[in-house]
Every structure is written in C-alpha cells, then in structure tokens.
Amino acid sequence: MVLKRRHLLGIQDLKVEEMELILYQAKAFKEITQRRIKKVPTLRGQTVVNLFYEPSTRTRTSFELAAKWLSADVVNISTSTSSVVKGESLRDMAKTIEAMQADTIILRHGQSGAPHLLSNLVSSSIVNAGDGSHEHPTQSLLDIFTLLEHRPTLNGLVVGIVGDILHSRVARSNIWGLTKMGAKVVVVGPPTLIPVEIERIPVEVAYDLDKTIERFDVLMILRIQLERQQSNFFPSINEYVKFYGLNNERLKRAKEDVLIMHPGPINRGIEIAPEVADGPHSVITDQVTNGIAVRMAVLYLLATGWGEG
Ligand code: CP
C-alpha cells in the first residue's frame with residue numbers, strides 16, 4: 001500500500017488503512033521506547049518545531065521525546081516568550097519557522113482549523129496537536145493503540161465517552177477514530193455539554209451515566225474544561241460530581257473488566273475520583289507512555305512519504 005500525505009490534520013479524513021499503518025509503525029517504535037538506549041538515527045538531519053499556543057504537558061513533551069529519540073533536531077516555541085506577544089500573526093510565525101527550514105511543525109492552537117490554514121501556507125509538514133474543540137488526532141491514535149494492547153480488536157466494543165463533549169477535541173477525534181475501527185461510541189453527559197450537531201456524526205447520545213454504565217467495555221472520561229466555559233453549563237461542580245463523577249461506588253455497576261481512560265490532565269475528584277484514576281481498571285499511564293511511540297510513528301511516516309518508506 002502506498003499512501004501519500006504530507007500533514008496530519010485530523011482523524012475524520014484518515015482512511016482506516018492509514019490508521020492501521022500508523023498503529024503498526026507505532027508498535028515497532030514501542031519496542032524502541034523500552035530499550036535502555038532509545039535513540040535511533042531514523043530522522044537525523046530533520047528539524048521538528050513544537051509551536052504551542054495553548055498549554056500542554058503530555059502532547060508537547062511526547063512530541064519532543066519522539067523527535068529526539070528519532071534523532072531529529074527539536075525546537076520548542078512557547079508563545080508567551082516569542083514575538084506572538086508583540087502581535088506577530090500565526091501566518092507570520094509559520095512563515096518564519098518555514099524560512100528556518102523546519103521539516104515539520106507541530107501546532108496546538110485555540111482556533112479550530114488553524115493547522116488546516118497553515119497546511120496551505122507553508123511547505124513544512126503540519127501536525128495538529130489540538131485545534132480548539134475540533135480535533136486532537138494523535139490523542140485518538142494513542143488511545144486506540146492503548147485499547148488494542150488490552151483487547152484483540154475494537155470491533156463490537158462499546159465505548160462511553162463521558163463528560164464535557166462540547167469543548168472536547170479528544171471526543172471528536174475519538175468518535176471518528178473508534179467508529180472507523182469498528183467500535184460503537186456513546187457520548188454521555190449533561191445536555192448542556194453535548195453539542196446539538198452531534199446528531200450529524202456516528203454516535204449515540206445518553207444523559208444518564210448510572211443507567212448506561214453497565215453497557216460499556218471502555219469508559220473514556222473527559223476533563224471538564226473550565227477554562228473554555230464562558231457560562232455555567234451545570235449548576236455546580238458538586239452537582240456534576242454527583243451525576244457524572246466516576247468513583248468506586250459508580251464503578252461497581254460497570255463491567256468487571258471495563259477499561260478506564262482519560263486523556264489528561266485530570267481534575268481529580270471532579271470527573272474522576274483518585275481511587276479510579278489510579279485503580280486496577282485504569283490505563284491512563286499506558287496512554288501517556290504510548291503517546292511517544294505513536295508520535296514517533298507519525299513523525300516517521302510524514303518524513304518518509306507516509307507508507308512509501
Ligand atoms: N491529552 C493532552 O492533550 O494533554 P496535554 O494538554 O497535557 O498535552
């Protein structure tokens with residue numbers, strides 16, 4: 001199979017074969033991430049720039065490690081200490097980075113569609129590291145990779161994505177990714193945190209976690225994104241915890257082998273109780289670890305012609 005793709009902008013427009021190619025490649029890189037000496041020369045001479053307009057721990061650090069372990073040169077641009085504070089536009093930032101011969105720009109931006117805009121402006125490869133509430137493709141790929149370490153297939157799996165669907169790019173990427181891989185996705189949350197346009201994408205909607213929890217093979221708990229909420233989407237945090245917070249009591253009603261995921265960062269004690277986040281069903285730290293292998297695969301495939309190498 002020969003696929004040509006210069007950018008990774010979202011899961012919605014990825015073919016299943018392309019997702020499988022990334023997951024297959026990530027499996028090979030996972031072996032490298034577990035070696036004592038992790039560095040391989042694969043991307044020597046390549047330059048990767050992390051351009052993050054929003055805060056990040058997991059995505060930025062794992063892209064940096066992924067690039068470094070592949071021997072690429074990495075530059076991290078924090079917008080708070082860059083010329084963005086003097087008013088430089090996204091376009092001019094990208095053109096400047098392109099002029100410094102960046103092969104790949106990893107972009108996180110608060111505006112949905114920002115990576116798509118850059119992909120039409122510069123010759124560097126663009127990787128979407130999260131754009132507004134639109135997509136976070138590498139998060140979905142690492143979530144699927146993690147699930148496939150625990151289950152032989154996603155076919156027929158029922159995944160409940162719980163919480164702040166409205167503001168979540170992770171939810172959108174995972175709805176596309178999981179359904180393309182054969183899973184059934186149910187989004188669960190208060191009506192105010194479920195977007196009306198959700199009916200146009202392939203999901204079932206539920207509002208009562210206690211009535212639905214026994215159906216799920218996987219519970220993907222989302223962070224309540226208080227920083228994106230300009231109005232009150234629920235009466236109080238206590239009310240949210242009462243109806244949607246995943247604690248051990250609520251978990252008793254779930255399947256015995258249910259897997260608990262969370263993209264992080266976690267609001268401990270709000271959407272998920274510490275004993276669940278750190279408990280036996282949780283694969284949250286596996287998600288973080290697998291993020292590096294998946295991002296190595298993405299950088300490698302973009303650099304080598306996405307399947308031609
Ligand atoms: N999951 C995720 O995107 O985490 P960060 O915001 O820390 O990158």
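Any residue at all in the range 268-287 that is small (Gly, Ala, Ser), closer than 24 Å to residue 74 by Cβ and over 19 Å from the mean Cα position of the chain (by Cα)?
Here is the first cut: in the range 268-287, the residues small (Gly, Ala, Ser) are 269, 273, 277, 279, 282.
Now restrict to residues that are closer than 24 Å to residue 74 by Cβ: none.
No - not one qualifying residue is present in the range 268-287.
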Practice problem: Taking residue 298 as the residue in question, decide whether it is in a helix (DSSP H, G or I), within 14 Å of the ligand (Cβ to nearest atom) and in the same structural domain as residue 39 (by TED's automatic domain parsing). | Solution: no
Self-check item: Residue tally, condition open to solvent by 30 Å² or more (accessible area, probe 1.4 Å) and part of a loop (DSSP other than H, G, I, E, B), over the range 88-130
Solution: 11
Practice problem: Report, by residue number, each residue of the range 243-273 that is away from the ligand (no atom under 16 Å from the Cβ), surrounded by 13 or more Cβ atoms within 10 Å (Cβ to Cβ) and outside any loop (DSSP other than H, G, I, E, B). | Solution: 243, 244, 246, 250, 251, 259
Quiz item: Filter the range 25-47 for residues that are open to solvent by 90 Å² or more (accessible area, probe 1.4 Å) and touching a residue at least 12 places away in the same chain (Cβ under 8 Å); which is nearest to the chain's Cα centre (by Cα)?
Solution: 27
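For residues that are over 19 Å from residue 118 (Cβ atoms), within 11 Å of the ligand (Cβ to nearest atom) and of a type outside the set (D, E, K, R), tally how many sit in the range 38-65. Before the answer, list the steps.
Initially, the range 38-65 is screened for residues over 19 Å from residue 118 (Cβ atoms), giving 38-45, 55, 57-58, 61-62, 64-65.
Next, from what is left, pick out any that are within 11 Å of the ligand (Cβ to nearest atom): 55, 57-58, 61-62.
Then keep just the ones that are of a type outside the set (D, E, K, R); that gives 55, 57, 61-62.
Looking only at that region, the number is 4.
The values are calculated or read from the model by the stated rules, or taken from the named source; none is laboratory data. Here the structure is a predicted model, which means the values were calculated and not measured. All Cβ positions, even for glycine, are placed from backbone atoms using ideal geometry, and neighbour counts span all protein chains on display. These accessible areas exclude ligands, DNA and RNA; they are computed on the full protein's heavy atoms, side chains included. Shrake-Rupley method; radii C 1.70, N 1.55, O 1.52, S 1.80 Å.
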